[in-house]
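Heads up: the structure comes next, in structure tokens.
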Amino acid sequence: MTTWYESALPNVEFIKDRLHTIVPDNVENANHARNITAARTVFVMLYAYAIEGEEGRVRPSMVTIMTDKQSLEQTRSAREKWRALVLGPKKPNDTERWYSENTREPIRDDTIASLREIGAVEEVAGIPTTSSKPRYFLARDFVNLLNPSLVGEELDELITIWRVAHLAKGALILQGLREQELRSEIFVEFGHVKHPMSPGKSSVLTKAAVEDFAHNFMEKPEVLLISESAEKVHWQFGKLLERLKLAINPKKTLPDLIIAETGPSGFRLVFIEIVHSDGPISNSRKRDLLELADASGLSEQECTFVTVFASRSDSAYRKVQSSIAWGSFVWFADEPERIIHLIDTESKLTRKKTLNDLLR
């Protein structure tokens with residue numbers, strides 16, 4: 001059976017665009033798997049039949065040797081002849097080559113390594129690292145995604161299957177969050193309530209905090225407040241807060257989210273800030289929220305503070321991490337079952353702990 005890459009290949013720009021469609025920009029070292037060098041590397045592998053199930057294999061220097069003129073010679077005989085030539089003792093050194101010889105190491109260490117990390121490229125086992133033998137080839141399921149005739153829902157479905165098989169859980173979660181941001185409506189679900197929110201990243205992270213964070217880290221969570229700039233305290237929360245005699249003043253700065261722990265281990269008020277640009281639980285923010293709690297008759301021991309980010313790699317986290325309050329928690333939506341506790345051993349509420357205490 002004739003395969004799609006047998007005698008006509010997509011050009012490098014098409015491959016680059018398809019890589020952007022396949023590989024989310026939130027995976028580790030995504031740029032090295034999506035840039036023009038990655039596209040050229042993939043093209044050369046296709047050109048040399050360096051594909052799972054085919055005989056061709058490449059080494060990084062082959063990417064540097066390729067030229068625009070050669071890339072247009074796409075019959076099988078022309079491609080196999082080129083492959084034999086560049087793997088032979090007398091390699092061509094065309095002035096129009098794509099890269100200089102000394103770029104082969106970055107292509108190996110950055111581009112090919114990143115493509116291997118996501119399962120797009122595989123390596124022949126057993127070849128010593130010092131050997132110059134060609135060893136790299138494209139995985140068959142990845143090659144299938146590069147077929148130019150594959151478009152629309154069929155392409156989307158195959159990409160989803162590939163991502164689930166090869167990408168880390170966190171990358172898939174982040175991709176899902178970004179797709180949610182594009183929706184015209186976002187609903188946060190808790191209990192029997194389906195609370196509508198304005199579209200955008202803040203709402204998406206709020207949804208994650210309510211549906212994932214609370215589920216993973218609380219016994220019996222009760223959502224007391226979801227605050228939005230357009231409507232600080234929604235009527236349904238206003239009634240609930242009034243019933244619980246919590247002194248919430250809409251004219252003052254409110255947290256983005258308040259969830260009460262009402263499980264058997266005891267009542268606790270969890271103040272949550274959603275950060276997609278700034279505004280974490282800082283020391284001053286923590287003091288303000290403790291004043292709010294005190295006005296409601298709650299002690300500091302009954303309060304917990306959490307700042308929510310999309311990811312540890314998010315620029316918003318890097319921007320504000322130094323201002324996050326000691327004694328608070330940090331939760332990342334792409335690592336939903338993990339949490340960071342900024343333990344303050346100087347706090348009056350925390351006895352001094354050794355590393356052994358913390359690791360128990």
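The values are calculated or read from the model by the stated rules, or taken from the named source; none is laboratory data. Owing to the predicted nature of the structure, the values given are computational and were not obtained by experimental measurement. As a convention, Cβ positions derive from the backbone with ideal geometry for all residues, glycine included, and neighbour counts pool all protein chains shown. What goes into the accessible areas is simple: the full protein's heavy atoms, side chains included, and nothing from ligands, DNA or RNA. Shrake-Rupley method; radii C 1.70, N 1.55, O 1.52, S 1.80 Å.
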Just the number, please: carbon plus sulfur as a percent of the accessible area of the range 98-163, 1.4 Å probe, no ligands or DNA/RNA counted. 49
Where GLU181, GLU157 fall by accessible area, highest first, once all protein chains stay in place (1.4 Å): GLU157, GLU181
Taking 334-344, 194-204 and ranking on average Cβ neighbours within 10 Å, highest first, one gets 194-204, 334-344
Using DSSP to call loops (not H, G, I, E or B), can you name the GluC sites (Glu not before Pro) in the range 36-83 whose Cβ has at most 16 other Cβ atoms within 10 angstrom? GLU52, GLU55, GLU73
Estimate the FRET efficiency between LEU72 and THR95 by the formula 1/(1 + (r/R0)^6), using the beta-carbon distance for r and 22 Å for R0, to the nearest 0.05. 0.80
Residue pairs, from the table LYS81/LYS133; LYS194/LYS220; LYS169/LYS194; LYS286/LYS319; LYS201/LYS319; LYS194/LYS319, whose Cα atoms sit over 21 Å apart: LYS169/LYS194; LYS194/LYS319
Could you pull out every one of the aspartates and glutamates with an alpha carbon less than 18 Å from that of LYS353, ignoring same-chain neighbours closer than 8 positions? ASP344
Dipole moment magnitude, nearest 20 debye, the range 1-112 about Cα centre, only Lys, Arg, Asp, Glu C-beta charged: 360
How high is the FRET efficiency from ASP357 to SER131, r the C-beta distance, R0 45 Å, rounded to 0.05? 0.35
The answer for LEU269, listing residues at least 5 apart or on another chain whose modeled amide H is closer than 5 Å to its amide H, is GLU261, CYS303, THR304
Here FRET efficiency (C-beta to C-beta, GLU153 to GLU52, R₀ 30 Å, nearest 0.05) is 0.75
